[in-house]
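Worksheet: one structure, shown below.
The values are calculated or read from the model by the stated rules, or taken from the named source; none is laboratory data. All values reported here derive from a predicted model rather than from experimental measurement. Cβ placement follows ideal geometry from the backbone for every residue including glycine, while neighbour counts extend to all protein chains displayed. Accessible surface areas use protein heavy atoms only, side chains included; no ligands, DNA or RNA. Shrake-Rupley method; radii C 1.70, N 1.55, O 1.52, S 1.80 Å.
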Amino acid sequence: MRDKYMLERLVIREETPADHYAAELAAKRAFWNLHRPGCDEHYLIHLLRDDPAYIPALSRVAELDGSIVGGIWYSEARVEGEDQTTPVLTFGPLCVDPSVQKKGAGSALLAHTMSLARQAGHKAIIIYGEPDYYPRFGFRPCEVYGITTPQGRNFPAFMGAELRPGALAGVRGKFYETETFEKLPPEAVDEYDRRFPQMPKLRLPGQWNT
């Protein structure tokens with residue numbers, strides 16, 4: 001349920017170096033034990049900032065009463081077809097601290113940054129995300145557009161959104177994001193996680209690995 005009073009106090013702005021730790025902690029708290037025991041999203045954010053594909057001009061954090069409570073991080077991606085390569089955007093993660101989830105902060109972050117991307121002339125966004133959440137923002141299964149994963153697969157969590165009507169018309173091929181998304185070895189994640197308050201890794205119903 002949207003919290004109008006909270007949203008009136010919410011500030012969506014560019015991230016500064018002083019925000020890094022708090023933003024990563026919010027990501028850890030948001031994703032911990034959600035899809036698997038523990039999580040690696042906070043480490044991913046750390047790596048993305050040094051990736052040439054990272055787009056700080058579109059990425060934003062959400063600040064509430066002086067504290068960072070969420071964020072969204074964008075990077076360049078592409079769809080490779082037989083005879084053309086189409087630049088697209090991706091983002092990940094989009095996170096909101098559990099203390100303020102389901103009050104509209106995530107929707108505000110996404111709507112704000114999609115508007116920025118549209119104004120900047122970007123064609124489309126392709127993501128791996130929650131299929132029960134993103135369709136309200138115009139995301140549709142990528143099979144609708146003739147776009148697959150690098151392995152040639154499609155599934156409900158693989159979605160795309162056109163930033164202007166018909167932007168993906170005629171685009172066919174495989175989606176590739178920056179390799180940073182694949183460079184998250186568990187030992188490196190665990191080492192980086194020592195910087196943050198420790199939380200138990202739990203195997204829970206509904207996780208991807210169960």
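Roughly how much of H20 is accessible, in Å² to the nearest 10, using a 1.4 Å probe?
Here the accessible area works out near 60 Å².
Which ³J(HN,Hα) values, rounded to whole Hz and listed in residue order, are derived for segment 172-188 from phi using the Karplus coefficients 6.51, -1.76 and 1.60 in 6.51 cos²θ - 1.76 cosθ + 1.60 with θ = phi - 60°, glycine and proline given as x?
Result, rounded to whole Hz: 9, x, 10, 8, 10, 10, 4, 5, 4, 5, 9, 9, 10, x, x, 5, 6.
Which entry in (1) 12.1; (2) 13.2; (3) 14.2 matches mean projected area of the Cα convex hull in nm² derived from the coordinates of this structure?
Correct label is (1).
What's the carbon and sulfur percent of segment 44-136's accessible surface, probe 1.4 angstrom, rounded to a whole number? Display every interim value, and only then the final one.
Numbers: 1860 of 3970 Å².
It is 47 percent, rounded to a whole number.
Between segment 9-65 and segment 86-138, what's the alpha-carbon centroid distance in Å?
A separation of 13 Å, based on Cα centres.
Angle between the Cα long axis of helix 20-31 and the longest principal axis of the chain, 0 to 90 degrees, nearest 10?
That works out to roughly 80 degrees.
For the peptides 178-189, 129-140, 194-205, what is the packing order when you average, over each peptide's residues, the other Cβ atoms within 10 Å and list the highest mean first?
Values: 178-189: 13.0, 129-140: 14.8, 194-205: 10.2.
Averaged packing, sorted descending, gives the order 129-140, 178-189, 194-205.
Could you report the chain's accessible area per residue, 1.4 Å probe, as an integer in Å²?
Per residue, the chain has an accessible area of 52 Å².
Between E187 and V11, what is the label-to-label distance in nm when each label sits 7 Å out along the Cα-to-Cβ direction?
4.2
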